[in-house]
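Below: one structure, written as structure tokens.
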Amino acid sequence: MQKEEQKKLDAILKDHNYDPASVIAVMQAIQREYRYLPEEMLSYIAKKLKLSEAKIYGVATFYENFSLEPKGKYVIKVCDGTACHVRKSIPILEEFRAQLGVSAEKPTTEDMMFTLETVSCLGACGLAPVCTVNDKVHPAMTPEKARKLLAELKEEAAHEV
């Protein structure tokens, strides 16, 4: 781990008073910064919080919101809960996969720009079918709207460079 990363981790740990009871908040802060939980960082915080690595990994793998794999800049979640499924969420998922060249086994694009996931419920059943991009809800999705959304995100990313 590089010195700069270690300084960031130390700042996060200090913000949480090196309190082992704050392990979830610490991990959330790390994931906000890096978009996933790098293994060497989990080992580092285990040592600093005086917790076992097994405990840290247990927390990281128990909560679905944590990821041990790198994710793209834009994390797209397509709901496939009952309401979304009956309103045809699968063609939307298939359109995203086709446009991004990703699959269930390889959900992140090579350029680390997009990660596509399916979830059981986003809690927006009345807006079905729904997807989120970095937790922003996009209601009443269609394959056509999915294509348009990707074009907008790619344009936004191009202007940030």
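The values are calculated or read from the model by the stated rules, or taken from the named source; none is laboratory data. These numbers come from a predicted model, not from an experiment. Positions of Cβ are backbone-derived with ideal geometry, glycine not excepted, and every protein chain shown enters the neighbour counts. In case anyone asks, the SASA skips ligands and DNA or RNA and just uses the protein heavy atoms, side chains included. Shrake-Rupley method; radii C 1.70, N 1.55, O 1.52, S 1.80 Å.
Observations
- When the C-alpha to C-alpha distance is required to be over 24 Å, the pairs from Lys7/Lys50; Lys55/Lys136; Lys77/Lys154; Lys8/Lys48; Lys50/Lys106; Lys3/Lys77 that qualify are Lys55/Lys136; Lys50/Lys106; Lys3/Lys77.
- The Rg/Rh ratio of the chain, with both radii computed over alpha carbons and Rh defined as the Kirkwood radius, is 1.04.
- Scaling against 2.2 N^0.38 Å puts the C-alpha radius of gyration of region 48-130 at 1.31.
- Radius, Kirkwood style, for region 113-161 when every pair of distinct Cα atoms is counted (Å): 11.8 Å
- Around the amide H of Tyr74, modelled in the peptide plane, lie the amide H atoms of Phe114, Thr115, all under 5 Å away and 5 or more residues distant in sequence or on another chain.
- To the nearest ten degrees, helix 53-62 and the longest principal axis of the Cα atoms of the chain are 20 degrees apart.
- Using the Karplus relation 6.51 cos²θ - 1.76 cosθ + 1.60 with θ = phi - 60°, the per-residue 3J(HN,Hα) values for region 112-129 come to 6, 8, 10, 10, 10, 10, 10, 10, 6, 6, 9, x, 10, 4, x, 9, 4, x Hz, with x marking Gly and Pro.
- Cα-based helix-to-principal-axis angle, 3-15 vs the chain, degrees rounded to 10: 90 degrees
- Per-residue SASA entry for Ser89, accessible area with 1.4 Å probe, Å² rounded to 10: 0 Å²
- Computed magnitude of the charge dipole of region 1-63 (debye, nearest 20; Cβ of K, R +1, Cβ of D, E -1): 100 debye
- Placing Lys48, Lys3 in order of accessible area, with the largest value first and a 1.4 Å probe, yields Lys3, Lys48.
- Computed extension length for Lys55-Met112: 17.6 nm, one decimal, from 0.36 nm per residue of separation with the Cα-Cα distance subtracted.
- Carbon/sulfur fraction of accessible area - region 1-144, other protein chains in place, 1.4 Å, %: 51 percent
- Only Cα pairs under 8 Å and 6+ residues apart enter the sum, and on that basis the relative contact order of the chain stands at 19 percent.
- Stretchable slack from Phe62 to Ser43, in nm (0.36 nm times residue separation minus alpha-carbon distance): 5.2 nm
- A Cβ-based charge dipole, computed about the Cα centre of the chain with Lys and Arg at +1 and Asp and Glu at -1, lands at about 280 debye.
- Where Glu117, Glu4 fall by accessible area, highest first, once all protein chains stay in place (1.4 Å): Glu4, Glu117
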